[in-house]
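This report concerns only the one structure given below.
We did not get these values from a lab; they are worked out from the coordinates using the rules stated. This structure is a prediction, so every number in the text was calculated from the model and none was measured. Cβ placement follows ideal geometry from the backbone for every residue including glycine, while neighbour counts extend to all protein chains displayed.
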Amino acid sequence: MAIRGRDRREGEAQLRSTARLKEIMAAHFAGVDAAARGRTAPVAWCTSVGPVELLRALGYQVFFPENHGALLGASRVANETMARAHALGYSPDICSYLTSDVGAYLSGKTPLSRYGLERVPRADLLLFSTNQCREVRDWFEFYGREWGAPVVGVTSFRDLDEVAEHHVDAIVRQLEALVPALEAVAGRRLDAARLEGAVARSRTCSDLWRDCLRSSAARPAPLTFFDATIHMGPAVVLRGTAEACDYYRQLAEELSGRAGAGAGALPRERFRLYWDGMPVWGRLRDLAGLFAELETSVVASTYCNSWVFDALDPGDPLRSMARASLELFIARSEAPKQRYLERMIREFEVDGVVFHDSRTCPNNSNARFGMPQRLRKELGTPVLVLDGDLNDLRCFSDEQARTNIEGFVEQLEGSGKATAAPVRA
Amino acid sequence: MAPSYFAGVDCGSWNTKAALIDADGRLVATAVVRTGADVQAAAARAVGELLERARVERSALAALWSTGFGRHALTLADGSRTEIDSHARGALQFFRGPLTVVDIGGQDAKIIVVDGEGRRVAHKMNRKCAAGTGSFLEEMALRLDVRIGDLPALAAGSTEEIALGSFCTVFTGTEVLALIRQGKRPADLARAAYRSVVKRVLEMERVEGQVVATGGVVAHHPLVVQLLSEAIGARVAVPDHPQEIGALGVAVAARAAASG
């Protein structure tokens, strides 16, 4: 049973850009699929915050399995497929993107069928970066064994207090060492100008996406976290392309117009919250509906900002790619993570923070080392920790989540920040 | 005469509780019935018993609000609040803040922190597991071959301290079976089960200041309160009607809303 909440579309203004979003995502999937089937271009799989610009410069069509994992979760196919991977020795306690995706492959299922794909595109090469977690490598190695395809990547640093030059040097050396393998499969040499172009487009995409997210600093917020998780698709799968830049120009303009006109994503915004951690993909719509029902806008998140890469610089491609990959929130230690959250709490003027403690994603769960308690104590910010998971709905209790969220909003009502209004039966 | 009473119904997993307060907020009556499989029918029975006990007509109710897991399903309710809010409000009818309210119910356990002004500042619910709840005790009673209602008397005969896990109900159940095979006494295992509940609850959140225990488990298994007091090294207060405290709290919320 899902969380009961009204349909979030009721009373909410649809973004006009959504139609364009659907078009370019469909074209992306069709393009990778056509390349894989027709052998018209080399196909690579890449981790979502991996060094995709190298692949773009070498003419690869790129597929992002984490995006596929999210689609498996959102379509709730994941819950049918994970068991196949568990039976193969992939624990229910590891990343449920991995287990739902591998299980889907073994079951011959994919939500990409709605885009006309019969299966995930077969990779000629798989390129990972462990800047987010180790699971991505293990995930790719399953397919590497399955298809006899090379699995290459960057073994990155994690839990960094500061990103020092020696960290960047080490990643640059790894990126340079990857190039011959990427060239061999692509059948062409890496062209410096093409790499600069890809990095320039990634940076533009990043800047525009950040503008979109920052628009929700306005009151009322024109974009919620739940909508942003959908609209971030091109920032993940089309980073380094002109299509992504064009899309975010359009979206940023629309959001700016909304903010300027005082139009919010919700009909009424009593409270503003920040979301830390992964989405609960199988309950995205239900949670969006519940927060809308409570007139509470989730205005910003760590997750959607994970595809903002301020360091990218086309004048120094590899070095800036290395730095960008290390500066990511997920690759940092508790202290810089806390500073980041404090800055976001202030910038977006939120009334509270919801931490999603995702059972199978410890690297993207920030409630496990006392962070919520420290924020509550040091900033006086109300915090809520929700137990759940990105894809494994067995780890998520609808009733507990609803009670926790409603109780949290009641707490905000009681703190004198808004007129108390009971939740109607 | 204008309607002047406020009723609260707490739709719990095991029992449905009801409380009635008058226009001045004074507690008039309470009632507890088994929830069973029909939440609506249980609520109707609880309200019927409540009004009969108070000798108050249904028409004298200014409002009836619901709380608990079935709060949204209740068609007879005019409004609702979460059990988190209701238990805090209920406890505040008996004690002044700052308080830490420890509510142990049939399906969940909660820790609710209330500041000196009576405002809720934090809460924590148990994870998706029965450990630390009444359901855990029911499972342990099953393993020890006694009815849940007989568990307190059994535990009273304990002479040896045994440590049981508090992570997972199934794991602990298996642990109990192994200990029975080793010849451990049911009385000692019963007491160990209560200690396991306390351990689990204290893992959820730091418990500070004046601690108030509420909920059905607290009402029917007073050993939990004693063990909780021992564990934190301070007296744990229990309000009158600890099982109906959520129903009382939501009745108080209904009255507060009516008075603007």
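Within the set of other residues whose C-beta is less than 12 Å from the C-beta of B:Leu92, count the net charge using Lys and Arg as +1 and Asp and Glu as -1. Around B:Leu92, the charge tally is +1. Relative to one another, the C-alpha centroids of region B:167-187 and region A:270-346 are positioned 45 Å apart. Apply the Debye scattering formula to region A:36-102, with a single equal point scatterer on each alpha-carbon and no solvent, then give log10 I(q)/I(0) at q = 0.13, 0.16, 0.29 Å⁻¹. At q = 0.13, 0.16, 0.29 Å⁻¹ the computed log10 ratios are -0.46, -0.64, -1.11.
Taking the C-alpha atoms only, the angle from helix A:334-347 to the longest principal axis of chain A is near 60 degrees.
Annotation note: trypsin sites (Lys or Arg not before Pro) in region B:154-260 located in DSSP loop regions with a Cβ neighbour count of at most 14 within 10 Å are B:Arg206, B:Arg235.
Extension gain for A:Asp159-A:Asp191 works out to 8.2 nm (0.36 nm per residue, less the C-alpha to C-alpha distance). Would you compute the Debye intensity of region A:326-394 from its alpha-carbon atoms alone, equal scatterers and no solvent, and pass along log10 I(q)/I(0) at q = 0.18, 0.20, 0.22, 0.29 Å⁻¹ to two decimals? These q points yield log10 I(q)/I(0) values of -0.71, -0.86, -1.00, -1.37. Arranged from fewest to most other beta-carbon atoms within 10 Å of their beta carbon, B:Ser13, A:Ser333 become A:Ser333, B:Ser13.
Output the 0 to 90 degree angle, nearest 10, between the alpha-carbon long axis of helix A:398-412 and the longest principal axis computed from the alpha carbons of chain A. Value to nearest ten degrees: 60. A Förster distance of 22 Å, applied to the separation of the beta-carbon atoms of A:Ser256 and A:Arg16, puts the FRET efficiency at 0.95. Relative to the 2.2 N^0.38 Å rule of thumb, region A:284-377 has a C-alpha radius of gyration ratio of 1.25.
Between the helical axis of B:169-181 and the longest alpha-carbon principal axis of chain B there is an angle of about 40 degrees. Placing a label point 7 Å from the Cα of A:Glu23 along the Cα-to-Cβ direction, the residues of region A:198-241 whose backbone N falls under 16 Å from that point are A:234. Taking B:Ala219, B:Ala156, B:Ala187 in turn, the Gaussian network model of chain B (Cα-Cα springs below 10 Å) assigns the largest fluctuation to B:Ala156.
Let me have the 222 nm mean residue ellipticity of chain A computed from DSSP H runs of 4+ only, each contributing -39500 (n - 2.57), with the sum over all residues rounded to the nearest 500.
That comes out to -15500 deg cm²/dmol.
If you filter region B:111-188 for GluC sites (Glu not before Pro), then keep DSSP loop positions with at most 14 other Cβ within 10 Å, what is left? List each step's numbers first, then the result.
Working: sites: B:Glu117, B:Glu138, B:Glu139, B:Glu160, B:Glu161, B:Glu175; in loops: B:Glu117, B:Glu160, B:Glu161.
Those that pass, being in a loop and sparsely packed, are B:Glu117, B:Glu160, B:Glu161.
The H on the amide N of A:Leu386, modeled in the peptide plane, is under 5 Å from the matching H of A:Phe355, A:His356, A:Asp357, each at least 5 residues off or on a different chain. Region B:19-82 and region B:101-149 have Cα centres spaced 22 Å apart.
Note on region B:1-122: Cα Rg divided by 2.2 N^0.38 Å, N the number of residues, gives 1.05.
Extending 7 Å from the Cα toward the beta-carbon at both B:Asp22 and A:Arg173 defines two label points whose distance is 8.4 nm.
Let me know the longest stretch in chain A that avoids all GluC sites (Glu not before Pro) found in a DSSP loop with at most 14 other C-beta atoms within 10 Å. Write out the running numbers ahead of the final one.
Values: sites that count: A:Glu10, A:Glu118, A:Glu162, A:Glu349.
The segment A:163-348 is the longest one with no such site.
Shape class of chain A from the alpha-carbon gyration tensor: prolate, with a/c at 1.5 or above and a/b greater than b/c. FRET efficiency for the B:Thr159 to B:Ala2 pair, using the beta carbon distance and R₀ = 41 Å, is estimated at 0.10. Applying 1/(1 + (r/R0)^6) with R0 = 56 Å to the Cβ-Cβ distance of B:Ala62 and A:Arg134, what FRET efficiency is obtained, to the nearest 0.05? Working from the Cβ atoms, E equals 0.40. Residues B:Phe6, A:Phe226 in ascending order of nearby Cβ atoms (within 10 Å, fewest first): A:Phe226, B:Phe6.
Taking every DSSP beta bridge that has both ends in chain B, the antiparallel portion is near 60%. A Gaussian network model of chain A, with springs between Cα atoms under 10 Å, assigns the largest mean-square fluctuation among A:Phe369, A:Phe29, A:Phe329 to A:Phe369.
The ranking of B:Ile111, A:Ile171, A:Ile330, B:Ile104 from fewest to most other beta carbons within 10 Å of each one's beta carbon is A:Ile330, B:Ile111, A:Ile171, B:Ile104.
Close amide H partners of B:Val28, meaning residues 5 or more places away or on another chain with modelled amide H under 5 Å apart, are B:Leu20, B:Ile21, B:Asp22.
Classify chain B: rounded, prolate or oblate, from the alpha-carbon gyration tensor (a ≥ b ≥ c, eigenvalue square roots; a/c under 1.5 rounded; otherwise prolate if a/b is larger than b/c)? Verdict is prolate for chain B.
With both labels modelled 7 Å from their Cα along Cα-to-Cβ, the B:Leu76 to B:Glu138 distance reads 2.3 nm.
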